[in-house]
Amino acid sequence: GIPFGVLTELVGPAGIGKTQFCLKLSLLASLPTNCGGLDGRVIYIDAESKFSSRRMIEIGVNSFPEIFHMKGMAQEMAGRILVLRPTSLSEFTESLQQIKVSLLQHKVKLLVIDSMAALVSGENEQGLPRQHALGWHISFIKSLAEFSRIPIVVTNQVRSRSRDEASQYSFQVQSRDDAVEDPTNFDSHLVAALGIHWAHAVTIRLVLETKSGQRFMKVAKSPMSPSLAFPFYISSSGISLLSDDGIEMTGPQINTIHCQGHSSIINFDGERLQ
């Protein structure tokens with residue numbers, strides 16, 4: 001599960017399932033306690049306009065049919081999720097100030113920010129340094145988690161690693177014949193966006209990736225769990241683990257982000273799942 005009172009980050013390439021993860025979490029937080037939920041409200045900051053109420057209801061109907069087939073239940077669950085769509089980092093900043101008040105007044109049990117990288121990228125285009133843009137927000141979001149004692153989940157994008165960055169990793173060694181590696185044979189050229197200061201600020205980092213067509217969720221950083229990888233899939237019921245038994249990881253594979261053999265997922269209504 002996602003722990004309370006800390007900042008949890010989801011990192012992965014587009015289409016891997018970050019938003020699907022957030023939708024399923026939002027649904028669980030809003031469900032009644034007798035159904036395994038938190039019986040609360042959710043604030044969902046949708047910076048990339050990926051939130052879909054139709055997809056949310058689809059997940060609910062297929063995951064909890066006994067609840068969602070009750071008259072009016074789908075509308076009630078949807079009404080517990082407040083979706084905000086800031087178009088800039090400054091709008092997001094204003095939203096955070098309002099959210100701090102709402103957390104206690106409105107029985108909020110989960111805050112989702114999808115995605116932080118999208119908000120910051122707009123500021124970078126205007127010439128504002130990334131770390132300057134993020135500094136205050138890192139501190140404020142962490143304080144929100146500690147103050148409210150609720151889970152805060154933030155999604156992060158990936159970017160290509162530069163040649164200079166790649167040389168910093170000791171596990172990348174040059175081949176004996178000095179040949180240039182074929183990128184199709186080595187796909188770990190992706191790193192999390194937002195930089196090292198952000199990486200240190202998050203309490204838990206979950207990496208979503210694909211290897212040979214199989215999706216994995218890796219616990220890359222956590223003070224309460226060993227480094228494990230869990231195979232998962234996405235269906236009409238949302239994101240689900242194939243097994244509760246994680247695969248132990250060691251060395252550089254903990255932090256690498258693979259996107260090997262990955263293709264977009266299409267749901268039953270023909271929509272692309274993110």
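The values are calculated or read from the model by the stated rules, or taken from the named source; none is laboratory data. Keep in mind that this is a model prediction, so the values were computed, not measured. So basically every Cβ, Gly included, is an ideal-geometry build from the backbone, and we count neighbours across all protein chains shown.
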Test: residue in the range 29-38 that is within 17 Å of the chain's Cα centre (by Cα) and buried (at least 22 other Cβ atoms within 10 Å of the Cβ): yes
Residue match in the range 28-36 (condition: in a helix (DSSP H, G or I), over 21 Å from Leu134 (Cα atoms), modelled with pLDDT under 95 and among the β-branched types (Val, Ile, Thr)): yes
Subset tally (residues that are modelled with pLDDT of 85 or more and either assigned to a loop (DSSP other than H, G, I, E, B) or not small (Gly, Ala, Ser) (or both)) for the range 178-208: 15
Single residue of Leu82, Leu104 found to be more than 23 Å from Gln20 (Cα to Cα) and either out of contact with any Leu (no Cβ under 7 Å at 6 or more places or on another chain) or aliphatic (A, V, I, L, M) (or both): Leu104
Qualifying residue in the range 92-106 (condition: of a type outside the set (Phe, Trp, Tyr), part of a strand (DSSP E or B) and within 19 Å of the chain's Cα centre (by Cα)): no
Residue tally, condition aliphatic (A, V, I, L, M) and touching a residue at least 24 places away in the same chain (Cβ under 8 Å), over the range 53-82: 7
Residue selected from the range 210-230 under the condition more than 28 Å from Gly5 (Cβ to Cβ) and over 16 Å from the mean Cα position of the chain (by Cα), by the criterion surrounded by the most Cβ atoms within 10 Å (Cβ to Cβ): Lys211
Residue check for Gly5: touching a Leu at 6+ places or on another chain (Cβ under 6 Å), surrounded by fewer than 22 Cβ atoms within 10 Å (Cβ to Cβ) and not hydrophobic (A, V, I, L, M, F, W, C): no
Subset of the range 18-44 (residues that are under 26 Å from Leu104 (Cβ atoms) and touching a Lys or Arg at 6+ places or on another chain (Cβ under 8 Å)): Leu23, Ala29, Ser30, Leu38, Asp39, Gly40, Arg41, Val42
Residues that are more than 15 Å from Thr8 (Cβ to Cβ), in a loop (DSSP other than H, G, I, E, B) and out of contact with any Lys or Arg (no Cβ under 8 Å at 6 or more places or on another chain), drawn from the range 212-230: Ser212, Gly213, Pro226
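For every residue, the table says whether it meets (1) under 30 Å from Gly195 (Cα atoms); (2) of a type in the set (Val, Ile, Thr); (3) surrounded by fewer than 16 Cβ atoms within 10 Å (Cβ to Cβ); (4) at pLDDT 85 or above.
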{"position": "Ile45", "(1), (2), (3), (4)": "yes, yes, no, yes"}
{"position": "Ala74", "(1), (2), (3), (4)": "no, no, no, no"}
{"position": "Leu82", "(1), (2), (3), (4)": "yes, no, yes, yes"}
{"position": "Met116", "(1), (2), (3), (4)": "yes, no, no, yes"}
{"position": "Ala133", "(1), (2), (3), (4)": "yes, no, no, no"}
